[in-house]
Amino acid sequence: MSLNAVAGAVMRNPMFAVGGAAVVFTLAAATALLAAADPHAGAPSVRIALSAPGAAPPPPGWREALAPDQSGPTPVTTDSLQLYANAPSDPDSAPMQGQAIISFPGGPADASAGASDHPPLPPAPLAGLTAPGPGGSFLPIISTDGRNPSQAYARPFQSNGKPKVALVIGGLGLNAKSTRQAIEQLPPEVTLSFVPYADGLQAWIDLARANGHEVLLEAPMEPADYPNNDPGPYTLLTTSKPTETVQHLDWLLSRATGYFGVTNYLGSKFVTSDPAMATFSGDLRQRGLAFVDDGSAARRGGGIPRASADLVVDDQLAGDAIDKQLAALEAAALQHGQALGSGFAYPITLDEVGRWAAGLSARGYQLAPASAVMARR
């Protein structure tokens, strides 16, 4: 008997017909329930992978580390992050209003609310350090008297002669609870980097500076697996013309003020391109900004203030693994006089870093902002 004949006989079987109807009904009901449970079902969205900054994939357990907390806002995951609603891909046609919509309950409040006892940094923007940018926004510039944003917005630092340990915590601005925890509970010497697409970005930066933290802005860069891993429509690409790269970078830089420099988000391919990095560094140099990377661009200079992370502290999301990386950071500082680490705003990272930093001075080290370990190269 042929396969077609067998299939026809099965289809004419009443038991199969009843079972098939039941399966169809069950699938339809499940689909309806899922749609009802998701208030954003059917909404246009762009999904990006929230790995720790750099070229490495997300560490094992990252999804569990961002598990929902019933007492706080819903954390970001690759299945729920909605970066854009009708966002244009042309930077010239992209006004600041309505872009990069990411809303969370318990978002940033007034910068004066919740500020700690740490001396605040001056509110941004500082006079003479901005010029008109896209959509009525501001762009950083070198002032007429020669002041650079990389100096003016950095946290002041006085060395006490002990080995310096610096740490950058990134991915901030997406999850309100984690962002507020980093700002208000981590020591002010910890440098914080913010996602440019975050809703309420300027309010978050203002709150961070009010708590004494210096701030970096994250620049999404082309990873090796682009476009499967797409950091968004303003990603800096190796295939772009220099004018296009500058347009995209200037849109990113115009999202807020008060940052002393830029750090990379992904970028394993972009940082290996000489022409792309030359354009990127040239724009930062013209605007007086620093570049602090997660270690993936350690061999790059650019004639600007630079620092590269010696290690990522949370490439494994377990408390003992993070503790070992923080201990390795101390060892590097002891050997070289200073060391820089980077991490992501996972709840477990914030908890471990807070405990580690509390005892750092007693162990003979000085916690320093990232700007204190930079060098021009």
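The values are calculated or read from the model by the stated rules, or taken from the named source; none is laboratory data. Keep in mind it's a predicted model, so treat the numbers as computed, not measured. Note that each Cβ is placed from the backbone with ideal geometry, even for glycine, and that neighbours are counted across all protein chains shown.
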Given the conditions (1) of a type in the set (Lys, Arg); (2) touching a residue at least 24 places away in the same chain (Cβ under 8 Å); (3) assigned to a loop (DSSP other than H, G, I, E, B), report the number of the one that Arg306 does not fulfil.
(3)
State whether one or more residues within the range 358-374 are buried (at least 23 other Cβ atoms within 10 Å of the Cβ) and hydroxyl-bearing (Ser, Thr, Tyr).
yes
The one condition Val165 fails out of (1) under 21 Å from Met374 (Cα atoms); (2) surrounded by fewer than 24 Cβ atoms within 10 Å (Cβ to Cβ) is (2)
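Among the residues of the range 318-329, is any assigned to a loop (DSSP other than H, G, I, E, B) and surrounded by fewer than 21 Cβ atoms within 10 Å (Cβ to Cβ)?
Step one: filter the range 318-329 for residues assigned to a loop (DSSP other than H, G, I, E, B), giving 318.
Next, only the ones that are surrounded by fewer than 21 Cβ atoms within 10 Å (Cβ to Cβ) stay: 318.
Yes - at least one qualifying residue is present in the range 318-329.
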Within the range 330-341, can you find the residues that are surrounded by 15 or more Cβ atoms within 10 Å (Cβ to Cβ) and not in a helix (DSSP H, G or I)?
Gln338, Ala339, Leu340, Gly341
All-but-one check, Gln325 against (1) modelled with pLDDT of 95 or more; (2) under 19 Å from the mean Cα position of the chain (by Cα), failing number (2)
